[in-house]
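Chemist: Have a look at this one before I ask anything.
The values are calculated or read from the model by the stated rules, or taken from the named source; none is laboratory data. Predicted, not measured: the structure shown is a model, and the values here were computed from it. Note that each Cβ is placed from the backbone with ideal geometry, even for glycine, and that neighbours are counted across all protein chains shown. Surface areas here come from the heavy atoms of the whole protein model, side chains and all, with no ligands, DNA or RNA. Shrake-Rupley method; radii C 1.70, N 1.55, O 1.52, S 1.80 Å.
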Amino acid sequence: MSTVKCVGILTSGGDAPGMNAAIRAVTRSAIYNGVRVKGIYRGFKGLILDEIEEFKTQNVSNIIQRGGTILKTARCGEFKTPEGRKQAYDKLQEHGIDALIAMGGDGTLTGARIFAQEFNFPIVGLPGTIDNDLYGTDTTIGYDTALNTIMECVDKIRDTATSHDRLFFVEVMGRDAGFLALNGAIASGAEAAIIPEISLEKDQLAEMIETGFRKSKNSSIVLVAESEITGGAMGVAERVKKEYPQFDVRVSILGHLQRGGSPTAQDRILATRMGVAAIDALLDDQRNVMIGIQNDQIVNVPFSKAIKNDKPINRDLLYTLRVSSI
Ligand code: F6P
């Protein structure tokens, strides 16, 4: 018999489409299992500031299709200090919350892990980030929707790139990870992707141009992952202007529109499965794990693994992109 009687749920860090579907699943699964649920607004910040509300099933009606997070989100400096974490702990005690579900990316899970260890408090993490950069899960909540958004944008950019015979560098998000850029490039039929994981090994721009880039095409689109390592789309375009002035170059930075929009079916289903699994894990006395998915099976990944390890890109995809873009 689990000791968990009341669970708090919060979203923290960058929002991601599908977070609402996960909040809905957590709430309903908790209630289904006789556990009370409290929604904590604005992540760890709202926890410290006491922005907490009891959730019933109606609180999560009609949200599965909505992007963003009804719980709102914030990046919280105070939670990085022992004093801030103590305040957070006191609020949980005050509200009778005896376990926490924290949804977000790397920063959120890192904070959750420290807190769980410091106060011996049960926490289960949900991987909510468009970046897909968490180790131990094949995909994260929001990643598929962001990929689809990127694909739609690049489809539109292609129309104008083709009309003008231009070389476009399209910058996508990823916070130093190339998953969105690489799979976005494959999905949108782009000519290449410049990603930080490979920038450290070779000069992707030089290779692309030297291996006959643009020989058979009049226009080209290259997806560039945002990162100091790649230099971003602006950095790459500047280089091209200097080193390969024959190209008519343009830059498009997709920015925060990648984080918005109604979640895809895949993200809704993933978020719902993970939300239900998070409550199951807590009831099963699992602690300090992130819910992940591997080969379509839900798994519990210890925080230490999910955060500490860098998730590798699938190198087969580099070959797939190279072959499919000749
Ligand atoms: O982690 C999600 C993400 O969208 C990253 O891809 C990006 O680098 C960052 O958040 C942007 O953060 P903010 O919304 O705080 O500018």
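Chemist: Pairing the Cα long axis of helix 265-283 with the longest principal axis of the chain, what angle in degrees results, from 0 to 90 and rounded to the nearest 10?
Modeler: Helix 265-283 and the main axis of the chain meet at about 30 degrees.
Chemist: I'd like the accessible area for ILE209, computed on protein heavy atoms only with a 1.4 Å probe and all protein chains in place. Round to 10 Å², please.
Modeler: Result for ILE209: roughly 20 Å² accessible.
Chemist: Take SER227, SER304 and sort them by solvent-accessible surface of the protein heavy atoms, 1.4 Å probe, largest at the top. Each step should come with its number before you reach the end.
Modeler: Working: SER227 20, SER304 50 Å².
Listed by decreasing accessible area, they come as SER304, SER227.
Chemist: If you don't mind, there's one more thing I want to ask. Given the Cα-Cα distance of GLU228 and ASP138 and 0.36 nm per residue of separation, how much length would full extension add, in nm? Each step should come with its number before you reach the end.
Modeler: Values: separation 90, 0.36 × 90 = 32.40 nm, distance 2.52 nm.
Taking 0.36 nm per residue and subtracting the Cα distance, the gain is 29.9 nm.
Chemist: Can I ask one more? Sort out for me the Cα centre separation of the range 161-188 from the range 15-72, rounded to whole Å.
Modeler: 33
Chemist: For the chain, set up a Gaussian network in which alpha carbons nearer than 10 Å are linked by springs, and say which option among ASP155, ASP316, ASP133 fluctuates the most.
Modeler: Answer for the Gaussian network model of the chain: ASP316.
Chemist: How long is the gain from GLN246 to ASP165 if the chain were fully straight, where each residue apart is worth 0.36 nm and the alpha carbon distance is subtracted?
Modeler: 28.0 nm
Chemist: While we're looking at this one, here's another question. Assuming a ≥ b ≥ c are the square roots of the Cα gyration tensor eigenvalues, decide whether the chain counts as rounded (a/c under 1.5), prolate (otherwise, with a/b larger than b/c) or oblate.
Modeler: prolate
Chemist: On to the next question. For the range 182-320, with only Lys/Arg (+1) and Asp/Glu (-1) charged at the beta-carbon, what is the dipole magnitude about the Cα centre, in debye rounded to 20?
Modeler: Working: 16 positive and 18 negative charges, 56 e Å.
Using Cβ point charges on Lys, Arg, Asp and Glu, the range 182-320 gives about 260 debye.
Chemist: Within the chain, which is the longest segment containing none of the trypsin sites (Lys or Arg not before Pro) that sit in a DSSP loop and have at most 10 other Cβ atoms within 10 Å? Don't skip to the answer; put the middle values down first.
Modeler: Values: sites that count: LYS202, LYS215.
That would be 1-201.
Chemist: Could you name the lysines whose alpha carbon sits less than 17 Å from that of LYS45, not counting residues in the same chain fewer than 8 places away?
Modeler: Within the straight-line cut-off, LYS45 pairs with LYS72, LYS80, LYS86, LYS91.
Chemist: So, one more: What is the angle, in °, between the Cα long axis of helix 179-188 and the longest principal axis of the Cα atoms in the chain? Nearest 10 is fine, range 0 to 90.
Modeler: Taking Cα atoms only, the helix is inclined about 50 degrees.
Chemist: Using a 1.4 Å probe on the protein heavy atoms only, what accessible surface does SER163 show? Give it in Å² to the nearest 10.
Modeler: Taking all protein chains as shown, SER163 has close to 90 Å².
Chemist: Taking the solvent-accessible surface of protein heavy atoms with a 1.4 Å probe, what is the per residue accessible area of the range 270-326 in Å²? Numbers along the way, then the final one.
Modeler: On the way: 3140 Å² over 57 residues.
So the range 270-326 comes to 55 Å² accessible per residue, rounded to a whole number.
Chemist: May I pose another question? What is the helix-to-structure angle for 143-164, meaning the angle in degrees between its Cα long axis and the longest Cα principal axis of the chain, kept from 0 to 90 and rounded to the nearest 10?
Modeler: Taking Cα atoms only, the helix is inclined about 20 degrees.
Chemist: When the chain is modelled as a GNM with alpha-carbon springs shorter than 10 Å, which of LEU92, LEU180, LEU134 fluctuates the most?
Modeler: Ranking LEU92, LEU180, LEU134 by mean-square fluctuation puts LEU92 first.
Chemist: Mind telling me which of THR145, THR129, THR162 comes out most flexible in a GNM of the chain, alpha-carbon contacts under 10 Å?
Modeler: Residue with maximal mean-square fluctuation among THR145, THR129, THR162: THR162.
Chemist: Using a simple spin-label model with points 7 Å from Cα along the Cα→Cβ vector, what separation in nm is obtained for VAL323 and GLN93?
Modeler: Those two pseudo-labels are separated by 6.1 nm.
Chemist: Please compute the length gained on full extension between GLU54 and ASN33, using 0.36 nm multiplied by the number of residues separating them and subtracting their Cα-Cα distance.
Modeler: Residue separation times 0.36 nm, minus the Cα-Cα distance, leaves 6.0 nm.
Chemist: Right, here's the next one. With all protein chains present, how much of the accessible area of the chain (probe radius 1.4 Å) comes from carbon and sulfur, to the nearest whole percent?
Modeler: Numbers: 7000 of 14270 Å².
That share works out to 49 percent.
Chemist: Count neighbours as other Cβ atoms within 10 Å of each site's Cβ, and list the GluC sites (Glu not before Pro) in the range 200-282 that are DSSP loop with at most 11 such neighbours.
Modeler: Working: sites: GLU201, GLU207, GLU210, GLU226, GLU228, GLU238, GLU243; in loops: GLU201, GLU226, GLU228.
Those satisfying the criteria are GLU201, GLU228.
Chemist: With the contact rule set at Cα under 8 Å and sequence spacing of 6 or more, what percent relative contact order holds for the range 143-259? Write out the running numbers ahead of the final one.
Modeler: Details: 206 pairs, mean separation 44.9, N = 117.
Across the range 143-259, relative contact order equals 38 percent.
Chemist: Okay, moving on. Based on Cα positions only, what radius of gyration and what Dmax would you give for the range 1-130, in angstroms?
Modeler: Values for the range 1-130 (Cα only, Rg and Dmax): 13.4, 38 Å.
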